[in-house]
1. Only loop residues by DSSP count here, and only those with at most 15 other Cβ atoms within 10 Å; note down the GluC sites (Glu not before Pro) in the range 1-92 that meet that.
2. Going by average Cβ neighbours within 10 Å, how do the peptides 65-77, 90-102 rank, with the highest at the top?
3. Short version: ³J(HN,Hα) in whole Hz for each residue of the range 201-207, in order, from phi by Karplus 6.51 cos²θ - 1.76 cosθ + 1.60 (θ = phi - 60°), x for Gly and Pro, what are they?
4. Tell me which lysines have Cα within less than 26 Å of Lys226's Cα, excluding those fewer than 8 residues away on the same chain?
5. Karplus couplings for the range 163-168 from phi (6.51 cos²θ - 1.76 cosθ + 1.60, θ = phi - 60°), rounded to Hz, Gly and Pro as x?
6. Can you show me the helix-derived [θ] at 222 nm for the chain, built from DSSP H runs with n ≥ 4 at -39,500 (n - 2.57) apiece and divided by the number of residues, rounded to the nearest 500.
7. Give me, ordered by chain and number, the residues 5 or more places off Gly46 or on other chains with an amide H under 5 Å from its own placed amide H.
8. Residue by residue through the range 65-77, which ³J(HN,Hα) values in whole Hz follow from phi under the Karplus form 6.51 cos²θ - 1.76 cosθ + 1.60 (θ = phi - 60°), with glycine and proline marked x?
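The values are calculated or read from the model by the stated rules, or taken from the named source; none is laboratory data. Fair warning: this is a prediction, and the values are worked out from it, not measured in the lab. Please note: Cβ atoms are built from the backbone with ideal geometry, for glycine as well, and neighbour counts cover all protein chains shown. The accessibility values were calculated without ligands, DNA or RNA, using every heavy atom of the protein model including side chains. Shrake-Rupley method; radii C 1.70, N 1.55, O 1.52, S 1.80 Å.
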Amino acid sequence: MAVELYNQGGHIIVSFSDLVEGDEGVQSNQFLVVIDNHAAIIDPGGDLTYTRLHMALSKYINVKDLDYIFASHQDPDIVASINRWLTGTNCKLVCPEVWSRFIPHFSRVGKTTSRIISIPDRGMDVPLGRHHLKAIPAHFLHSEGNFQFYDPISKILFSGDMGANLGPGDYDKPVKSLDEIMPYMEGFHKRYMNGNKVCRYWVKMVRTLDVQWIVPQHGRSFIGKKIVAEFLNWVEQLECGVDLMTQDDYRVS
Ligand code: FE
């Protein structure tokens with residue numbers, strides 16, 4: 001189902017949360033941002049989502065004229081379909097500089113030439129219509145080169161894997177309390193996020209932004225200052241990744 005997260009004055013944000021079904025792969029959300037008839041997709045996914053997303057987008061935009069694909073990092077559920085998007089549209093790919101030499105492996109020879117915009121480690125503003133989206137650093141959360149995308153107008157933070165909660169459903173219903181999703185969120189973050197040090201840096205940075213809504217790539221979103229603050233507090237104290245590794249995890253069995 002397509003859900004409009006924002007729609008004001010030619011600035012439209014749509015979330016698609018049910019394009020991957022059943023045992024096909026991990027549930028994931030894709031996002032369309034349109035400003036003044038310029039359009040970007042955030043983390044379109046792989047082959048599992050390509051055809052359904054293409055069809056769903058055509059209700060909102062002329063897909064051929066898509067301006068950008070934003071890729072938060074290099075994983076298959078993020079951007080494995082890039083070859084098809086580059087073939088079927090005139091878009092440019094916006095991705096972390098760290099991964100811009102690797103992502104062409106998803107596509108045919110020559111297909112990515114002059115169509116990749118590399119985001120430097122410190123992040124950047126990407127113009128879209130009369131506004132811009134901010135690419136903000138989330139390195140090692142979880143990928144070594146990782147960005148999240150913030151829209152200063154709607155105040156939505158597209159947080160990628162940060163906040164991912166892999167519950168059984170209700171993907172279009174925002175989270176009311178962290179307790180209800182903790183069983184689907186905690187284990188993922190402990191394994192996939194790289195360590196508390198970077199969690200704390202990230203939280204400190206995000207607190208400087210006016211965030212009304214955190215929308216992760218998997219599962220349900222966090223709307224309103226109260227739950228956003230609770231989520232940031234949880235991430236700040238989270239021990240994860242290398243914090244939890246011991247010699248026991250590195251044994252030849
Ligand atoms: Fe990933």
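1. Of the GluC sites (Glu not before Pro), the ones in loops of the range 1-92 whose Cβ has at most 15 other Cβ atoms within 10 Å are Glu21.
2. Packing order, densest peptide first, comes out as 65-77, 90-102.
3. 4, 5, 4, 4, 5, 5, 5
4. Partners within reach: Lys134, Lys155, Lys173, Lys176, Lys190, Lys197, Lys204.
5. x, 4, 9, 9, x, x
6. Here the helix-only value at 222 nm equals -7000 deg cm²/dmol.
7. Correct list: Ala80, Ser81.
8. Along the range 65-77, the couplings run 8, 3, 7, 9, 10, 9, 10, 5, 7, 9, 6, x, 6 Hz.
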